[in-house]
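Participant: Handing you a structure now.
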């Protein structure tokens, strides 16, 4: 017992950089996830409909994917800290443009610019997290960084629906832009660690890294299912269940609390081994979607299921990123660029592809399709080779 206590007390601490990166994730998450709950208000202000407004989310996804795939190599060239600060400045400008957009097309263009910035920021954040993580606490450190998604849900997305109801949706983007100044200040101590004298390489070159293809396939299926369901759950609550827009805020809060609750289990992931856990976590997400299809007609039941959705998604996302980052430490920036590119191509496919299905068959059909996609993700993760010197 004494030896165990000594081992725990001797464990290296989570670096302060992880908390700064958590704030950055919260900023990007607040933008990328806030539109779903407030989409009915945005649509009304532009005399449009929700699917048309959600094209801004699709534009954000395309911009993020294009930037991550075409420019992600700059992270390894100039260092993730320097690239992150530049990307955050552009991102804040895009948020201000979103808040001031006079017509829907201008709003979509502003979200495209936000996506271009996020495509550089997200892989920079994940690369910095991997560089900062003490040995043996990779999942634990990344869990702190990923807690930014919880911040965006609890303090951002859940409040956005209330703010949209009270003072208008434009104020949502204005508040996020002001909060972004704190995120930029938090990156001041993050230098050019990881910078290389080599010319920047396209993240597409990282496709040759052994084992990356099945993990990217799993990422695509996993993310398309999440964004496809999340994009329309707010409209389902508003129109199918007859609830106010703020009801989407409470649902986002439940998701965020579930997502954050799993942070306390991240050290167990490091002990048990990411490679063997990833397929199981995807299967858990699949089961959550099946429950969601059954609970679609009840708001109370959906709140309970969405809490579990947040827990399962956090676990799966954490382990997926840890596995990708461990494939080739020398090309971590390019690999994270690929991950972000695939993630936001999946956002585009999920948002655009799930829309016609939602219009024709309703929300329960979306949850069923998402379950099928996460089953594909579990299969791909099972086929992914485990590292020879295991991160397990």
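Participant: How much length would be gained if the chain were fully extended between residue 185 and residue 360, taking 0.36 nm per residue of separation minus their Cα-Cα distance, in nm to one decimal?
Facilitator: Contour length minus Cα-Cα distance gives 58.4 nm.
Participant: Just the number: Rg to Rh for segment 15-383, Cα atoms, Kirkwood Rh, two decimals.
Facilitator: Rounded to two decimals, Rg over Rh is 0.94.
Participant: Specify the angular offset, from 0 to 90 degrees and rounded to the nearest 10, of the alpha carbon long axis of helix 363-383 from the longest principal axis of the alpha carbons in the chain.
Facilitator: Approximately 10 degrees, to the nearest 10.
Participant: Using Cα springs under 10 Å in a Gaussian network model of the chain, which residue among 178, 376, 349 shows the largest mean-square fluctuation?
Facilitator: 178
Participant: To test your reading of the geometry: what angle, between 0 and 90 degrees and rounded to tens, separates the Cα axis of helix 138-151 from the longest principal axis of the chain?
Facilitator: Approximately 20 degrees, to the nearest ten.
Participant: Please arrange 243, 84 by how many other C-beta atoms lie within 10 Å of their C-beta, fewest to most.
Facilitator: If I rank by nearby Cβ atoms, fewest first, I get 243, 84.
Participant: What distance in nm lies between label points placed 7 Å from Cα along the C-beta direction at residue 372 and residue 265?
Facilitator: 2.8
Participant: Residue 240 to residue 13: extension gain in nm, 0.36 nm per residue of separation minus the Cα-Cα distance?
Facilitator: Between residue 240 and residue 13, full extension yields 77.0 nm more.
Participant: How far is helix 332-361 tilted off the main Cα axis of the chain, in degrees rounded to 10, range 0 to 90?
Facilitator: Once rounded, the angle reads 30 degrees.
Participant: Still on this model: Please arrange 77, 208 by how many other C-beta atoms lie within 10 Å of their C-beta, fewest to most.
Facilitator: The most exposed by this proxy come first: 208, 77.
Participant: For each of 382, 262, count neighbouring Cβ atoms within 10 Å of the residue's Cβ, then give the residues from fewest to most.
Facilitator: Listed from fewest to most nearby Cβ atoms, that is 382, 262.
Participant: Pick out which of 28, 103, 38 has the largest mean-square fluctuation in a Gaussian network model of the chain, springs linking Cα atoms closer than 10 Å.
Facilitator: 103
Participant: Between 89, 320, 373, which gets the highest mean-square fluctuation from a Gaussian network model of the chain, Cα cutoff 10 Å?
Facilitator: Most flexible of the set in this elastic network: 89.
Here, each number is a calculation from the coordinates, and none is a lab measurement. None of these values were measured; they are calculated from a predicted model. Quick reminder, even Gly has a Cβ in these numbers, built from the backbone with ideal geometry, and neighbours come from all protein chains shown.
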